[in-house]
Amino acid sequence: MALKNRETFGSRMGMLLAMAGSAIGLGNIWRFPYMMGKNGGAAFILIYVIMLVFLCLPVMVSEYLIGRRGGSNPFSSFDRLAPGSKWRWIGFLAVLASACILSFYCVVGGWSVKYLADSCILAFSDAQGDYALSFGSFISNPWKPLLYTLIFLGLTGAIIVFGVRKGIERMSKVMITMLFIIIVMVVIRSLTLPGAMEGVKYMFVPDFSKVTADTCIAAMGQAFFSLSIGCGTILTYASYVKKEENILASSAWISFFDTTFAIIAGLAIIPAVYAIAYMNGVEPDVSAGPGLVFITLPGVFSQMPLGNVAAILFFLALLLAAVTSAISLMEVVVAFIIEEMHRSRKKAVLMCFAVCGVVGAFCSLSFGPLAGFKLFGLSVFDFFDYITSNIMLPIGGMLLAVFAGWRLRRANFLDELTNSGKLRIPRWISLTLYYLVKLVAPIGILLIFLNTFFS
Ligand code: PHE
């Protein structure tokens with residue numbers, strides 16, 4: 001059903017790495033460890049995995065299926081599968097959600113550019129490692145973080161301009177491979193520090209006393225955000241996928257990859273924080289929130305042997321992870337502009353850069369000059385972060401599952417899942433999945449919502 005002359009991914013490996021690249025991002029390295037820190041360590045991982053299997057995997061399969069069958073951007077994929085219906089506006093909302101996420105994502109992406117640059121400067125000069133202390137003054141500066149935000153966004157655009165195969169696929173392959181090698185090096189450094197095992201224990205021994213009703217919505221929001229589902233990125237990438245691919249296997253792989261990576265990133269960070277805290281005779285604090293990576297960690301690096309190298313590697317990893325996710329977000333918007341507004345890829349990238357650059361500027365300034373400006377009691381940055389992860393993505397995900405489970409007929413769902421019977425998927429598996437999509441995921445997401453808003 002794909003449009004004529006539409007690009008496709010060149011290979012299965014390329015497709016999987018591009019999707020894994022979308023999933024693996026700041027969500028894994030920057031967000032997951034501090035969420036875990038706040039919500040009871042392993043107890044959070046447990047709840048997270050339950051959400052993943054029962055809610056997120058079905059949503060990912062739905063999104064993948066709609067994208068591949070629809071063969072277009074979210075707006076017209078829905079339109080082609082349910083011609084003339086209102087569903088296409090759900091597709092439009094997905095495009096909007098992607099633009100909103102990209103707008104605050106590029107701010108944190110910008111911080112990682114800055115921290116990578118700073119750790120290089122530190123390693124090659126005699127300056128002492130005190131840049132960590134200046135995080136507050138950096139992000140509240142009126143123009144510096146803005147500049148880095150635009151650099152990050154520009155970098156993302158520069159990759160997208162080259163298209164699906166030469167831009168997205170090629171860069172994802174290189175970057176994700178590098179990312180894995182680097183993060184393993186940082187984990188080895190972290191785990192070999194004296195006292196690191198306490199941190200490992202913290203990660204894997206659950207503390208259920210910290211689990212509250214909010215933990216569930218936090219875990220759900222985190223799972224949706226981390227897997228890049230609910231806002232059309234998987235849908236858009238899936239529209240570049242060939243008919244022979246196995247939807248269920250690909251989705252399971254990506255989820256597995258992403259979760260494993262989040263735990264590996266936790267192992268790079270938490271044991272090191274524990275080790276250095278014990279060395280200094282203070283209590284380790286891994287619940288420091290968003291500052292964990294940008295405040296606590298640089299302090300940790302500055303005190304450990306080979307810390308300069310570890311810092312460069314770590315912030316390079318953070319940047320690589322952020323870029324591969326940002327390109328998937330931008331591609332949703334760019335594909336929409338190309339196909340619905342009939343602009344060239346270059347123009348589409350420029351338009352997306354301009355819009356997200358402006359909204360991103362507001363997000364960035366909300367740490368400085370615009371700190372007093374609140375939307376529903378939240379700063380602009382927190383507002384975008386909160387409404388996208390905790391509201392737009394789960395609702396988007398729920399609607400995607402409802403569409404796949406109720407609007408596409410069961411025969412079509414199973415036909416797509418088995419590639420018209422060519423794949424031998426045991427019937428009980430495809431039927432279980434079908435009911436997860438049709439009933440469990442939408443109802444589960446709804447219940448978690450109601451629970452949060454009424455408690
Ligand atoms: N999954 C990405 C991350 O973990 C963020 C993202 C969310 C990307 C939604 C695309 C869509 O950082």
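Observations
- Distance-filtered residues of segment 145-184 - backbone nitrogen under 18 Å, label point 7 angstrom along residue 260 Cα→Cβ: 173-184
- Accessible area of residue 446 in the full protein assembly, 1.4 Å probe (Å², nearest 10): 80
- Each label point was placed 7 Å from the Cα along the Cα-to-Cβ direction; for residue 303 and residue 213 their separation is 3.9 nm.
- Dividing the Cα radius of gyration of the chain by 2.2 N^0.38 Å, with N the residue count, gives 0.95.
- Residue 427/residue 46 FRET efficiency (R0 30 Å; Cβ-Cβ; nearest 0.05): 0.50
- Between residue 200 and residue 53, the FRET efficiency from the beta-carbon distance, with R0 = 25 Å, is close to 0.55.
- Counted as membrane-span-like here are DSSP H helices of the chain whose alpha-carbon atoms extend 18 Å or more along the helix's own axis and whose Kyte-Doolittle mean is 0.0 or above; these are 57-70, 87-124, 144-160, 170-191, 213-227, 247-279, 307-341, 345-365, 441-454.
- Placing +1 on each Lys and Arg Cβ and -1 on each Asp and Glu Cβ, with no other charges, gives segment 12-454 a dipole about its Cα centre of roughly 1620 debye.
- Within-14-Å neighbourhood charge of residue 44 [Cβ basis; K, R +1; D, E -1]: +1
- Considering only 5, 227, 375, the residue lying farthest towards the positive end of the dipole of the chain is 5, judged by Cα position with unit charges set on Cβ.
- In this structure residue 407 has an accessible area near 110 Å², from a 1.4 Å probe over the protein heavy atoms.
- Inter-probe distance in nm under a simple model that places probes 7 Å from Cα toward Cβ, at residue 246 and residue 144: 5.1
- Loop-located trypsin sites (Lys or Arg not before Pro) across segment 5-112 with a Cβ neighbour count of 15 or fewer within 10 Å are 6, 86, with loop assigned by DSSP.
- Distance between the pseudo-spin-label points of residue 355 and residue 285 (7 Å out from Cα toward the beta carbon): 4.0 nm.
- Pairwise FRET efficiency - residue 346 versus residue 89, Cβ, R0 = 25 Å, nearest 0.05: 0.35
- Among the GluC sites (Glu not before Pro) in segment 179-282, those placed in a DSSP loop whose Cβ has at most 13 other Cβ atoms within 10 Å are 244.
- For the pair segment 50-78 / segment 190-259, the C-alpha centres are spaced 17 Å from each other.
- For peptides 347-353, 161-167, 72-78, sequence by mean Cβ density within 10 Å, most packed first: 72-78, 347-353, 161-167
- Leading residue at positive end of dipole, the chain (Cβ point charges), from 387, 436, 84: 84
The values are calculated or read from the model by the stated rules, or taken from the named source; none is laboratory data. Values in this document were obtained by computation on a predicted structure and should not be read as measured data. Heads up, the Cβs are rebuilt from the backbone with ideal geometry, glycines too, and the neighbour counts pull from every protein chain shown. In case anyone asks, the SASA skips ligands and DNA or RNA and just uses the protein heavy atoms, side chains included. Shrake-Rupley method; radii C 1.70, N 1.55, O 1.52, S 1.80 Å.
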